[in-house]
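Single-structure report; data block below.
The values are calculated or read from the model by the stated rules, or taken from the named source; none is laboratory data. Given the structure is predicted, the values throughout are model-derived calculations rather than measurements. Neighbour counts are summed over all protein chains in view; Cβ atoms, including those assigned to glycine, are modelled from backbone coordinates with ideal geometry.
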Amino acid sequence: MARLRSAADLEKKRAQILSKRDPKKPCITLCSGTGCHALGSDKVYQAIVSELSRNGLKSKVDVRRTGCHGFCERGPIVVIFPAETCYLGVKPGDVPEVVSKVLMDGELVNRLLYKDASGETIKHEGEIPFYKHQRRIVFGNNRLIDPKNIDDYIALGGYSALAKVLFEMGPEEVLETVKRANLRGRGGGGFPAGVKWETTRNAPGDIKYVVVNADEGDPGAFMDRSLLEGNPHSVLEGLIIGAYAIGSHEGFVYVRQEYPLAVSNLTLALSQVREYGLLGKNILGSGFDFEVTVHRGAGAFVSGESSALMTAIEGVVGEPRPKYIRTAVSGIWERPTNLNNVETWANVPLIINRGADWFTSIGTDGSKGTKIFSLVGKVNNTGLVEVPMGVSLREIIYTIGGGIPRGKKFKAVQTGGPSGGCLPESLIDLPVDFDALTEAGSMMGSGGMIVMDEDTCMADVARYFTNFLADESCGKCIPCRAGLEQMVTILDRICRGEGEAGDIELLEELSEVVQDVSLCALGQTAPNPVLSTIRHFRDEYEAHIERKRCPAGVCKALISYYIDPNKCTACGICLRECPVEAISGGKNLVHIIDQEKCTKCNTCFEVCPTRFSAVVKSSGESVPAAPPLGAEVMRKKGKRE
Amino acid sequence: MKKVRLNIDGKDVEAQEGMTLLEAARDAGIHIPTLCYHEKLAPYGACRFCTVEISKNAETRLVTSCVYNVEDGLVVKTDSPKVIKMRKMLLELMLASAPVLSELASQYGIERPRFKSEVTQCILCGLCVRYCAEVKGANAITFVGRGVNRRVAFIDEVVSTGVCMDCRECFGVCPTGKIPRETDGASFEGLTVQDVLARTL
């Protein structure tokens with residue numbers, strides 16, 4: 001491949017790629033993102049390839065392995081073009097039937113189509129409620145391109161924004177456009193990207209760096225991962241444009257080692273852009289030079305914090321530094337360094353191509369554009385969701401997410417990752433944007449969204465996240481290291497039923513200090529889970545402390561199981577299933593749980609047939625005395641409560 | 001060098017641009033307590049004990065004075081109720097692992113600490129680590145572990161070269177006295193690799 005030496009060369013290349021593609025030719029696309037990969041998309045791919053060749057269809061049907069589509073709950077996802085027929089949960093065994101119908105117009109494999117609540121099937125991917133209510137401007141191309149093939153990205157207009165800035169716009173104009181678009185950082189802080197770029201551009205020094213923060217580490221979050229895996233060129237194009245605007249000639253992508261597919265797709269993408277002359281010396285013949293180095297992170301959560309990330313790039317242990325002098329002025333090796341998150345960079349080519357006015361027409365007053373959320377937890381449609389800023393939590397969780405599984409009640413949603421806050425049902429109509437979430441005591445963070453149902457104990461949730469953060473604290477500053485340690489100790493004892501009067505207030509007191517004087521954002525935001533759950537679910541804490549009761553029935557030390565002798569039919573199921581042989585009884589004999597032996601694993605509760613419902617889970621009250629061993633079950637003629 | 005005028009605890013202070021609040025206060029004879037600060041070392045900002053309250057444009061916030069640079073017109077309070085409250089809590093947290101600080105703690109009115117932790121008598125201020133690296137260039141001491149498992153340890157390969165024998169300057173910078181106490185205050189001689197590692201502080 002000869003280097004592209006001008007904008008005209010790029011356009012020629014694009015025309016050449018498109019001329020070889022027939023939009024009417026059937027193409028089987030298969031999601032190969034991490035979610036579908038885990039569900040066996042590799043085997044499905046092999047089945048497709050061998051089935052096509054077995055039927056002599058190799059030249060008549062194209063196959064493309066794409067990036068993540070987002071509907072991970074129902075993978076592996078197959079979409080067949082040009083009709084855009086969408087099959088969900090495709091197994092290798094389904095492939096012969098799928099392939100046999102590709103060339104038969106109008107014939108469908110009905111059992112693999114999406115079915116709505118009324119049982120109606122939906123053929124087009126875009127009509128499925130999960131997708132229909134999204135606006136996928138950043139994430140949408142994932143489903144159309146093979147991330148390992150730069151030509152797929154170019155065919156969709158890729159790198160036209162780069163050509164536009166290099167030949168039609170000066171760096172200042174690019175900067176102004178991004179500022180006017182009011183693009184705010186998608187990594188959590190929400191700081192205006194254009195303002196940050198300007199600071200770095202104006203900072204003294206000849207050598208400046210630009211960085212992609214791909215150290216996404218929140219439990220349950222995978223939007224940056226899917227973007228980098230599925231459409232690496234969109235991130236790179238944004239980065240090169242940013243470098244041009246800032247006057248930087250060297251960039252870094254800090255990506256976690258735990259994202260092997262992202263690392264390999266990114267590395268491949270970099271070699272492709274170098275080969276095409278879109279990276280390196282004299283990009284597209286414009287005279288602008290820019291190189292990118294991939295830095296693989298060793299897996300410390302705190303290295304996602306910008307100053308810690310920069311020390312890690314320097315080769316030192318990733319620990320935050322005081323940032324009273326911003327990293328935009330003094331970052332890597334004390335040189336001006338502009339860092340943005342994966343999703344922020346991926347927005348840049350869109351803003352350049354479609355203009356700041358178009359971008360600001362989407363979203364709310366203070367938060368423009370869209371945001372990708374990873375919707376996980378107790379929700380029917382887990383996956384990646386991209387919506388305009390300002391859409392309500394209700395719309396995301398119910399309209400797109402399909403509500404709570406098994407008819408359970410919604411209890412809370414945690415936004416913003418481990419240091420986000422838990423928002424209760426009363427706030428479910430909250431419009432989701434940077435400012436509204438912060439005001440409600442949570443945050444946008446990088447876009448994690450964990451839905452919790454009625455079976456969730458909020459003190460236990462706070463304990464889990466605080467423990468995660470204490471574990472991930474670098475330990476440099478005292479409030480974060482020792483403050484979080486003490487908060488975990490208190491939360492642990494509350495969940496063990498050993499909480500004391502004054503513990504809630506002590507948690508609040510510690511939270512204030514950790515928030516106010518911790519060195520970096522990890523510590524400063526770490527008390528959010530505790531504070532938000534105290535604010536919205538204080539009664540649950542009080543139940544744990546005062547009545548030694550866990551209302552959700554989660555905290556093992558506070559729950560007990562017993563069998564109601566009036567309901568037990570001696571069916572023997574729980575007796576057989578109990579993993580620790582804590583249940584005694586026999587034919588016609590009432591089953592009894594030995595409280596000493598019981599490990600509270602919940603198995604008996606789950607296996608007791610609902611028509612008997614003899615196993616009782618109780619909390620906060622003493623277990624009734626068991627009937628004498630050998631008591632017989634009450635046999636009534638078909639009469640049982 | 002440009003002069004900067006600010007007010008610390010009601011006193012008008014003139015400082016050089018680029019100075020930290022802590023340096024400006026000390027020059028003016030105003031005491032701000034510190035635990036991880038040393039004038040020969042680059043400011044580190046870890047103990048947060050030098051936290052002060054600043055007001056600028058009707059906005060008040062807490063900053064760390066050892067790393068915050070002086071600004072014109074800044075109003076600084078080094079002992080506002082909020083600052084004292086923070087310091088007390090920090091001290092109480094440190095006291096859990098370093099009871100040796102009880103005298104300092106009682107100066108702040110802490111008599112019965114509410115927290116418990118593993119007693120290490122080390123507050124991880126990093127003075128020994130940084131002094132050894134920045135001043136002596138010996139790099140014989142390091143941090144190991146992360147978060148609550150963070151500890152200070154001697155690097156046996158360095159100690160065994162004998163470099164520590166004539167130095168022992170870390171003894172003097174340790175604010176809790178842990179290093180001189182636990183290294184016998186005497187000799188590094190005869191320590192094996194295992195001995196040194198076992199003496200992880």
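Selection of region A:313-326 for residues being crowded, with 24+ Cβ neighbours inside 10 Å and either small (Gly, Ala, Ser) or away from chain B (no Cβ under 11 Å) (or both) yields only A:Gly318.
Checked against the criterion of being more than 17 Å from the chain's Cα centre (by Cα) and away from chain B (no Cβ under 14 Å), region A:464-481 has at least one qualifying residue.
Taken over region A:590-621, the residue count meeting the criterion of being within 39 Å of the chain's Cα centre (by Cα) and surrounded by 13 or more Cβ atoms within 10 Å (Cβ to Cβ) is 15. Listed conditions (1) closer than 22 Å to A:Val263 by Cβ; (2) surrounded by fewer than 23 Cβ atoms within 10 Å (Cβ to Cβ) are all met by A:Gly35, apart from (2). Looking across region A:275-314, the residues that are in a helix (DSSP H, G or I) and either farther than 21 Å from A:Gly247 by Cβ or at pLDDT below 95 (or both) come down to A:Glu275, A:Tyr276, A:Phe301, A:Val302, A:Ser303, A:Gly304, A:Ser306, A:Ser307, A:Ala308, A:Leu309, A:Thr311, A:Ala312. Being surrounded by 23 or more Cβ atoms within 10 Å (Cβ to Cβ) and over 30 Å from A:Thr525 (Cβ atoms) is the requirement here; does A:Gly140 meet it? No; evaluated as a whole, the condition is false for this residue.
Condition test on A:Arg65, is it in the same structural domain as A:Val102 (by TED's automatic domain parsing) and among the basic types (Lys, Arg)? Considered against the rule, which asks whether it is in the same structural domain as A:Val102 (by TED's automatic domain parsing) and among the basic types (Lys, Arg), A:Arg65 comes out as yes. Note on region A:526-594: enclosed strands (runs of 3 or more DSSP E) holding 3 or more residues that are out of contact with any Asp or Glu (no Cβ under 9 Å at 6 or more places or on another chain) are A:559-563, A:589-593.
Every condition in (1) more than 14 Å from chain B (Cβ to nearest Cβ); (2) at positive phi is met by A:Gly502 except one, and the failing one is (1). Yes or no: region A:433-447 includes at least one residue that is at pLDDT 95 or above and not in a helix (DSSP H, G or I). Checking region A:433-447: not a single residue is at pLDDT 95 or above and not in a helix (DSSP H, G or I).
Taking region B:28-77, which residues are acidic (Asp, Glu), away from chain A (no Cβ under 14 Å) and closer than 21 Å to B:Asn7 by Cβ? Within region B:28-77, B:Glu59, B:Asp72 qualify. If the condition is being β-branched (Val, Ile, Thr) and under 17 Å from the mean Cα position of the chain (by Cα), then region A:374-421 contributes A:Val376, A:Val379, A:Thr382, A:Val385, A:Val387, A:Ile396, A:Ile397, A:Ile400, A:Val413, A:Thr415.
With respect to the conditions (1) under 23 Å from B:Val83 (Cα atoms); (2) in contact with a Gly (Cβ under 9 Å, 6 or more places away or on another chain), A:Glu508 falls short on a single one, namely (2).
Listed by position, the helices (runs of 4 or more DSSP H) contained in region A:109-228 that have at least 1 residues being within 29 Å of A:Thr337 (Cα to Cα) and touching a Gly at 6+ places or on another chain (Cβ under 7 Å) are A:171-181, A:193-202. Residues of region A:483-506 that are touching a residue at least 40 places away in the same chain (Cβ under 8 Å) and crowded, with 17+ Cβ neighbours inside 10 Å: A:Gly483, A:Leu484, A:Met487, A:Ile494, A:Cys495, A:Gly497, A:Gly499, A:Asp503, A:Ile504.
Considering each residue of region A:6-32, count those that are surrounded by 14 or more Cβ atoms within 10 Å (Cβ to Cβ) and either more than 37 Å from the chain's Cα centre (by Cα) or under 30 Å from A:Ser374 (Cβ atoms) (or both), and give that number. The total comes to 8.
Conditions tested, residue by residue: (1) touching a residue at least 60 places away in the same chain (Cβ under 8 Å); (2) over 24 Å from A:Gly475 (Cα atoms).
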position	(1), (2)
B:Asp9	yes, yes
B:Val13	no, yes
B:Met19	no, yes
B:Ile32	no, no
B:Leu41	yes, no
B:Gly45	no, no
B:Ile54	no, yes
B:Leu90	no, no
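Within the set A:Asp357, A:Asp365, the sole residue that is modelled with pLDDT of 95 or more and of a type in the set (D, E, K, R) turns out to be A:Asp357. Of all residues in region A:448-496, those satisfying the criterion of being among the acidic types (Asp, Glu), out of contact with any Phe, Trp or Tyr (no Cβ under 7 Å at 6 or more places or on another chain) and part of a helix (DSSP H, G or I) are A:Asp460, A:Asp471, A:Glu485, A:Asp492. Residues of region A:507-526 that are in contact (Cβ under 8 Å) with a residue 60 or more places away in the chain and either more than 8 Å from every other protein chain (Cβ to nearest Cβ) or under 25 Å from the mean Cα position of the chain (by Cα) (or both): A:Cys520, A:Ala521, A:Leu522, A:Thr525, A:Ala526.
For A:Phe373, the criteria (1) surrounded by fewer than 22 Cβ atoms within 10 Å (Cβ to Cβ); (2) not in a helix (DSSP H, G or I) hold in every case but one, which is (1).
Considering region B:116-167, and only residues there that are among the hydroxyl-bearing types (Ser, Thr, Tyr) and closer than 23 Å to B:Cys66 by Cα, the residue that is farthest from the other protein chains (Cβ to nearest Cβ) turns out to be B:Tyr131.
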